[in-house]
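Colleague: Encoded as structure tokens, here's the structure I'll be asking about.
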Amino acid sequence: MLTIALAKGRLLKEVNPLLESAGCALSEDPDSHRKLVVETDNPEVRALVVRASDVPVYVEHGAADIGIVGKDTLLEHGGQGLYEPLDLGIARCRLSVAGTPGTSWSSERNLRIATKYPRLAMRHFAGGVGKPQQIEIIKLYGSMELAPLVDLADVIVDLVDTGSTLTANGLVELEEIMPISARLVVNKASAKLKHVAVNRFVEQIAAALGDTNS
Ligand code: PRP
């Protein structure tokens with residue numbers, strides 16, 4: 001039995017067609033019920049539908065053999081105990097700094113940053129020419145765009161896709177930090193102990209990617 005941890009929400013919608021092509025379609029729509037362990041069309045594969053930030057945790061600890069999650073979440077988690085064999089190239093967006101138009105930072109000033117990515121924000125802003133004198137990270141769990149509007153923070157570090165959430169709130173993208181896409185990750189022990197099943201699943205997903213891209 002292979003256990004796959006999937007990030008619920010927006011990413012799952014893009015992953016579903018891949019799972020279908022790979023013969024592992026979810027037997028039920030996770031949005032339509034509260035079930036957390038979902039069977040698939042393949043009796044050897046079951047899915048755990050969890051919060052994105054929990055996907056690397058399930059895989060790292062071996063509670064799931066495989067996970068599908070954004071690169072942002074992986075980098076923020078640290079990626080310990082995980083192999084990352086496949087860039088799925090889906091759910092593409094970017095991690096960016098955003099704020100009100102004209103917002104800038106310099107080595108003479110402190111900067112308050114609201115984000116759900118404290119590690120990545122810290123790494124981006126810590127030290128170096130033109131970086132803020134001091135940074136204060138304000139950890140949020142969603143709706144980051146609100147923070148500059150109510151003076152909770154000077155800038156946010158968040159995902160930007162179409163940019164419509166920024167625009168709707170009068171914010172602009174100030175600096176792109178990195179491009180992001182969904183990745184398939186594998187628990188290191190599972191890669192050894194279940195290598196036949198793991199390799200088959202990874203190959204099926206890779207083939208499904210080829211199918212959906214052609
Ligand atoms: C993400 C992100 C932005 C938005 C960007 O939030 O945090 O708020 O999408 O997309 P856009 O550029 O197309 O507007 P999401 O809706 O995934 O919810 P979250 O706040 O719970 O992360």
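Read-outs throughout are calculated quantities, based only on the coordinates presented, and are distinct from any laboratory measurement. Quantities reported herein were computed from a predicted structural model and do not represent experimental measurements. With ideal geometry, Cβ positions are generated from the backbone for all residues, glycine too; neighbour counts draw on all protein chains shown.
Colleague: Under a cut-off of 19 Å between alpha-carbon atoms, report the aspartates and glutamates in cross-link reach of K139, not counting same-chain residues fewer than 8 places apart.
Modeller: Cα-Cα hits under 19 Å: D54, D72, E76, D151, D154, D158.
Colleague: R183's amide H: which non-local residues (gap 5+, or another chain) put their own amide H closer than 5 Å, with H modeled 1.01 Å from N in plane and none for Pro or chain starts?
Modeller: Residues meeting the amide H criterion: V69, G70, K71, L88.
Colleague: Same structure, new question: To the nearest 0.05, how large is the calculated FRET efficiency for V37 and N110 if R₀ is 45 Å and r is the Cβ-Cβ distance?
Modeller: In this case the efficiency is close to 0.45.
Colleague: Going highest first, how would you order 78-91, 12-25 by mean Cβ packing within 10 Å?
Modeller: Averaged packing, sorted descending, gives the order 12-25, 78-91.
Colleague: How many Å³ per residue does the convex hull of the Cα positions in the stretch 93-179 occupy?
Modeller: 83 Å³
Colleague: May I pose another question? Of the listed pairs K8/K188; K13/K35; K8/K194; K71/K188; K13/K188; K13/K192, which have alpha-carbon separations greater than 20 Å here?
Modeller: Distance filter (> 20 Å) returns K8/K188; K8/K194; K13/K188; K13/K192.
Colleague: Using only Cα atoms and rounding to the nearest 10 degrees, what angle (0 to 90) does helix 10-21 make with the longest principal axis of the chain?
Modeller: Roughly 20 degrees, rounded to the nearest 10.
Colleague: Round to the nearest 10 and give me the degree value, 0 to 90, for the angle of helix 195-213's Cα axis relative to the longest principal axis of the chain.
Modeller: On a 0 to 90 degree scale, this one is about 70.
Colleague: For the stretch 22-39, take each phi angle, set θ = phi - 60°, evaluate the Karplus expression 6.51 cos²θ - 1.76 cosθ + 1.60, and give the result in whole Hz per residue in order, putting x for glycine and proline.
Modeller: Karplus-based 3J(HN,Hα) across the stretch 22-39 equals 8, x, 10, 4, 5, 6, 9, 6, x, 6, 9, 7, 9, 6, 9, 10, 10, 6 Hz.
Colleague: Over all directions, the average projected area of the alpha-carbon convex hull for the chain comes to how many nm²?
Modeller: 12.9 nm²
Colleague: Given points 7 Å out from each Cα along the Cα-Cβ axis, report the L152 to T100 separation in nanometres with one decimal.
Modeller: According to this spin-label approximation, the distance is 1.6 nm.
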